[in-house]
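Have a look at the structure below, then the notes.
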């Protein structure tokens, strides 16, 4: 016969069980919220994507027909290209601009907190309000057009009305709106870099540029990884800026995937097709995020 468990062992088992129950109790609200507001909607979207479902009618199961139609839809493929162009241009510019401004502010220059506040104000300002202000600046007869007429004696270019410049205007407005968030992340990370390490490098003869790229950047690489991931995810979901500034035009030059989804679901009331667009967008974001996570081992240093 095996010996009876000791009193300490029995207490230890009860303690482990009690800790597990306590942990489950604390996790329950978060897991319940995740299940109710994230997991179930994702599953529901997958199921709806397999149907033809007019908003005022009943759903009809069609299997993968929506996805087959989607990849033959020129308008959808164009929105994918527009979204990818926006991501490829916006994400690096956002990271470089925010990191450069953070490097300028981080040495605790006089008035640094004021600069951080000013750059962060657009982030907390409603995006639609910001987009309306930019529209008033850029439209014909707007502020910039009036200044051009007064100074140069001629009207300025119709930035939002030309396919070649409309997407650039969306990128610039999005940069102004969003780089302040990454700026705060980078300034906090740079402030946490040990001054002793920087002083030792300076004694060894490393200049300011060498110290920045060889010491500061590797030490804040986890923050850069976080900012890169979050910026990528949000840039794939760009909607309010082109919707307010250009309504997706001209000639669909600023119609992103989310705007195409909005039109299919809320203008054409085709819920099944819109859900298929959402599923494809989810897979795109998941794939890009997965690649970023796989590559982090090469350049992110946690020690």
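Since every read-out is calculated from the coordinates, none of them should be taken as a lab result. Everything numeric here is computed off the predicted structure, so don't read it as measured data. Counting neighbours? That spans all protein chains shown, and the Cβs are built from the backbone with ideal geometry, glycine included.
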For segment 257-303 and segment 53-106, what is the separation of their Cα centres, given in Å?
-> 6
Counting only C-alpha contacts under 8 Å and six or more residues apart, can you give the relative contact order of segment 144-227 as a whole percent?
-> 22
May I ask you to derive the relative contact order of segment 199-269, considering only C-alpha pairs under 8 Å and at least 6 residues apart, and to give it as an integer percent?
-> 18
Peptides 151-158, 132-139: what's the order by average Cβ count within 10 Å, highest mean first?
-> 132-139, 151-158
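Any idea what % of Cα-Cα pairs in segment 65-299 are farther than 31 Å?
Percent of Cα pairs beyond 31 Å in segment 65-299: 36.
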Packing-based exposure ordering (other Cβ within 10 Å, fewest first) of 125, 234 = 125, 234
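Order of 105, 147 from fewest to most other C-beta atoms within 10 Å? Write down the numbers at each step before the final one.
Details: 105 21, 147 12.
In increasing order of surrounding Cβ atoms, one gets 147, 105.
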Expressed in angstrom and rounded, the centroid-to-centroid distance over alpha carbons for segment 197-240 and segment 109-183 is 27
For the chain the mean separation of alpha carbon contacts under 8 Å (6+ apart) over residue count, i.e. relative contact order in percent, is 28
Where does the chain land at 222 nm, in deg cm²/dmol rounded to the nearest 500, when only DSSP H runs of n ≥ 4 count, each adding -39500 (n - 2.57), divided by all residues?
-> -22500 deg cm²/dmol
Protection proxy ranking of 164-171, 32-39 - average other beta-carbon atoms within 10 Å, highest first | 164-171, 32-39
Which of 289, 223 comes first, and how do the rest follow, when ranked by fewest Cβ neighbours within 10 Å?
-> 289, 223
